[in-house]
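Written out below as structure tokens is the structure these notes cover.
The values are calculated or read from the model by the stated rules, or taken from the named source; none is laboratory data. Note that this is a predicted model, so its numbers are computed, not measured. Note that each Cβ is placed from the backbone with ideal geometry, even for glycine, and that neighbours are counted across all protein chains shown. Note: accessible area is taken over every heavy atom of the protein model, side chains too, but ligands, DNA and RNA are not part of it. Shrake-Rupley method; radii C 1.70, N 1.55, O 1.52, S 1.80 Å.
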Amino acid sequence: MMAQCLRFAWAWVGEAWLPDVAVTIDDAGMITHVARAAGQGGYDNVGGIAMPGIANLHCHGFQRAMAGLAERGSRPGEDFWSWRHVMYQVANSLGPDEIEAVTAMAYIEMLEAGFTTVAEFHYLHHDPAGAAYAQPEELAGRVIAAAQTSGIGLSLLPCLYSAGGLGRAAEAGQRRFINDIAAFCRLHEATDALLRREMPQAVLGVAPHSLRAARPADVAAIARLFPAGPIHIHAAEQIAEVNECSAALGARPVTWLLDNAGVDSRWCLIHATHMTTEETTALATRGAVAGLCPLTEADLGDGMFPGPPFLVAGGHFGIGSDSLIRIDAAEELRQFDTSQRLRDQQRVVLSPHDSAGEILVRGALRGGAQATGQKVGVIGPGYRADIIVLDQANSDLAALPPPRWFDHLVFVGGSRLIDRVYAGGHLVVSGGQHFARATVAARFRTVLRRLADTL
Ligand SMILES: [Zn+2]
């Protein structure tokens with residue numbers, strides 16, 4: 001890619017809206033300079049309202065194939081655990097080409113919907129019979145290929161999954177996920193080598209699946225075993241999981257992690273839905289990110305995150321699309337906020353004195369960057385040129401003053417306001433549509449057709 005300079009009518013720079021901004025991008029896709037455009041020449045006049053792309057901090061790419069296919073109840077009391085049964089059927093039927101096609105579709109939809117980086121919590125490792133591939137990192141390679149097809153920034157988090165539950169052996173449905181810690185370390189090393197070769201700008205982290213599926217002793221040692229990169233873990237998504245953990249380990253999952261695993265700013269606790277007041281404050285104080293997936297949590301009937309006390313305590317949060325039931329950054333933020341309002345029967349509970357939209361977007365930019373370990377979330381020198389351009393000319397934004405824009409984006413206009421998206425300086429979305437959508441969607445729909453017939 002050639003170095004370039006883009007001129008925007010407005011841009012979110014230094015946590016303020018500035019008019020007439022020129023952004024210089026080098027041939028590696030990094031921002032080198034941001035300045036007022038007036039008086040400069042040699043730029044590509046984009047216009048529009050530029051803001052940083054948001055990092056999607058939690059995704060299982062293959063699950064895009066089952067979005068909407070587990071919405072038919074078969075008995076009263078359907079819950080997360082019955083959804084998981086369908087997920088296992090899907091996970092165990094997909095071949096490598098299919099996983100790549102489905103994941104690429106998810107990533108393209110992310111770029112169209114405001115996400116420019118994704119943290120892939122990657123737990124599908126083995127072939128459908130549960131045997132290791134000739135190259136154990138085969139499916140990690142498919143995730144990398146999907147990221148390259150789409151142009152999205154990638155933080156790859158190979159997942160350690162060793163057990164069927166606390167103190168329980170793995171079930172047949174989990175056969176593609178399972179590694180003991182020694183096999184996992186080999187897989188992680190092979191993935192590291194592959195990533196350095198194929199996508200050196202990507203970030204490698206690690207993801208012990210949860211306290212139910214990774215051995216607690218391994219979780220306690222994980223930060224020492226893998227001394228660099230982000231650490232993500234599912235925690236306290238379900239009451240049943242909290243109760244199981246309390247019975248087996250004598251502590252609720254978040255408390256156990258805080259006491260035993262050295263949770264700090266490298267960590268992202270996905271969901272962290274069911275916390276006591278003490279856990280909420282303690283997690284905030286440690287500087288870890290709470291990885292919220294509000295649309296998935298709503299779809300699965302998980303519960304609601306304790307937003308107001310966590311933010312009051314200075315906690316960091318970001319958003320992820322997890323099960324990919326919907327892929328939309330603005331919608332995740334709106335669901336987060338409105339779920340709190342419904343529970344508390346009050347309005348604007350996350351930001352009593354400020355713009356709710358701005359608090360949500362700023363939080364997601366900052367927490368997403370922290371949780372993915374990437375130089376993103378800012379339009380500034382040294383950051384990757386991940387830029388969303390909102391259509392100012394043909395939307396309500398033209399009639400609104402800048403301090404109203406984030407509220408409009410989150411609560412009203414949503415992702416249909418997105419006109420262009422630059423990922424690492426490459427223009428990947430134009431007129432709201434990704435350049436590779438047609439070819440990738442055709443491959444994806446072949447998979448979807450087959451699955452819809454079998455589930
Ligand atoms: Zn998840």
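In this structure, does Arg362 turn out to be assigned by TED's automatic domain parsing to the domain that holds Thr273 and surrounded by fewer than 20 Cβ atoms within 10 Å (Cβ to Cβ)? Yes. Residue check: Trp81 meets all listed conditions (1) within 16 Å of the ligand (Cβ to nearest atom); (2) more than 29 Å from Leu154 (Cβ to Cβ); (3) assigned to a loop (DSSP other than H, G, I, E, B) but one, namely (3).
Scanning the range 278-300 for residues that are within 12 Å of the ligand (Cβ to nearest atom), assigned to a loop (DSSP other than H, G, I, E, B) and at pLDDT 95 or above returns a single hit, Cys293.
Looking at this structure, is Val378 assigned to a loop (DSSP other than H, G, I, E, B) and at negative phi?
Numbers: assigned to a loop (DSSP other than H, G, I, E, B): yes; at negative phi: yes.
In short, yes.
Can you tell me which residue among Gly41, Gly95, Gly47, Gly14 is open to solvent by less than 40 Å² (accessible area, probe 1.4 Å), over 20 Å from the mean Cα position of the chain (by Cα) and not assigned by TED's automatic domain parsing to the domain that holds Ala145? Write out each step before concluding.
Numbers: Gly41 fails: open to solvent by less than 40 Å² (accessible area, probe 1.4 Å); Gly95 fails: not assigned by TED's automatic domain parsing to the domain that holds Ala145; Gly14 fails: open to solvent by less than 40 Å² (accessible area, probe 1.4 Å).
Checking each option against the conditions leaves just Gly47.
Taken over the range 108-128, the criterion of being surrounded by 23 or more Cβ atoms within 10 Å (Cβ to Cβ) and away from the ligand (no atom under 16 Å from the Cβ) is satisfied by Ile108, Glu109, Leu111, Ala113, Gly114, Thr116, Thr117. Of all residues in the range 155-176, those satisfying the criterion of being crowded, with 24+ Cβ neighbours inside 10 Å and in contact with a helix residue (DSSP H, G or I) (Cβ under 8 Å, 6 or more places away or on another chain) are Ser155, Leu156, Pro158, Leu160. For the range 50-60, the count of residues that are open to solvent by less than 10 Å² (accessible area, probe 1.4 Å) and free of Cβ contacts under 8 Å to residues at least 60 places away in the same chain is zero.
Filtered by the rule that a residue be open to solvent by 40 Å² or more (accessible area, probe 1.4 Å) and in a loop (DSSP other than H, G, I, E, B), the range 301-312 gives Gly301, Met304.
So which residues in the range 322-350 are of a type in the set (Asp, Glu) and surrounded by 24 or more Cβ atoms within 10 Å (Cβ to Cβ)? Full working, then the answer.
Step one: of the range 322-350, the residues of a type in the set (Asp, Glu) are 322, 328, 331-332, 337, 344.
Asp322, Glu332 - these are the residues of the range 322-350 that are of a type in the set (Asp, Glu) and surrounded by 24 or more Cβ atoms within 10 Å (Cβ to Cβ).
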